[in-house]
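Note sheet for the following structure.
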Amino acid sequence: MNEIPPFTHPRLLDTVKNIDVIWFDEEFPKFCFEVEHTTGVRDGLLRLYRVRKITDAKFFVIAPKDIISKFQTEISKDPFHQIRDRYVFRSYNELVDIFKSSFVYHKLKDIFFNDK
């Protein structure tokens, strides 16, 4: 997508545009991802927190696996603990695993359904 669907007020869309990756279902966010490589976990959590009232999307933080303790500490604090069940931590390795699995799936699906 080149532009974010106008699912909310333009002022709020400016906040949404700062989220690293958004997966949409129809025109509404379903999953929001913050990739934390150089910025702090708290900054990513805060970007996601700012959109909590305009979407019921699940919030993913993708980071090196050794950051999980920092993530767990931060979601137990204000203001994040109020919506901690919406936050999910996934490591880079888990992201690579799901990518590889989906690649294999699509390859096998194409072979299976090819009628030649």
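Derivation of every value follows stated rules applied to the coordinates shown; laboratory data play no part. Note that the structure is a prediction, hence the values are computed from the model and not measured. Heads up, the Cβs are rebuilt from the backbone with ideal geometry, glycines too, and the neighbour counts pull from every protein chain shown.
Given +1 at the Cβ of Lys and Arg, -1 at the Cβ of Asp and Glu and no other charges, the dipole of the chain around its Cα centre is 200 debye to the nearest 20. Shown for Y49, Y87: other C-beta atoms within 10 Å of each C-beta, ranked fewest to most, produce the order Y49, Y87. Which Cα, out of V51, V104, F31, lies furthest along the positive dipole direction of segment 10-113 (beta carbon charges, K/R +1, D/E -1)? Result: V51, furthest along the dipole toward the positive end.
Within 10 Å of each candidate Cβ there may be at most 16 other Cβ atoms; applying that plus a DSSP loop requirement, which GluC sites (Glu not before Pro) in segment 24-110 survive? For GluC sites (Glu not before Pro) across segment 24-110 that sit outside H, G, I, E and B with at most 16 neighbouring Cβ atoms in 10 Å, the list reads E26, E27.
Labels on offer are (1) 289; (2) 132; (3) 91, and the one holding volume of the Cα convex hull per residue in Å³ computed from this structure is (2). Over the residues of the chain, the helix contribution to mean residue ellipticity at 222 nm works out to -12000 deg cm²/dmol, using -39500 (n - 2.57) for each DSSP H run of at least 4. So for T73, T55, T8, T38, fewest C-beta neighbours within 10 Å to most, what's the order? Listing T73, T55, T8, T38 from fewest to most nearby Cβ atoms yields T38, T73, T8, T55. Can you give the angle from 0 to 90° between the axis of helix 92-113 and the longest principal axis of the chain, with both taken from C-alpha atoms, to the nearest 10? So the inclination is approximately 30 degrees. With neighbours defined as other Cβ atoms within 10 Å of a residue's Cβ, the residues V51, V96 order from fewest to most as V96, V51. As a length-normalised measure over Cα pairs under 8 Å and 6 or more apart, the relative contact order of the chain settles at 20 percent.
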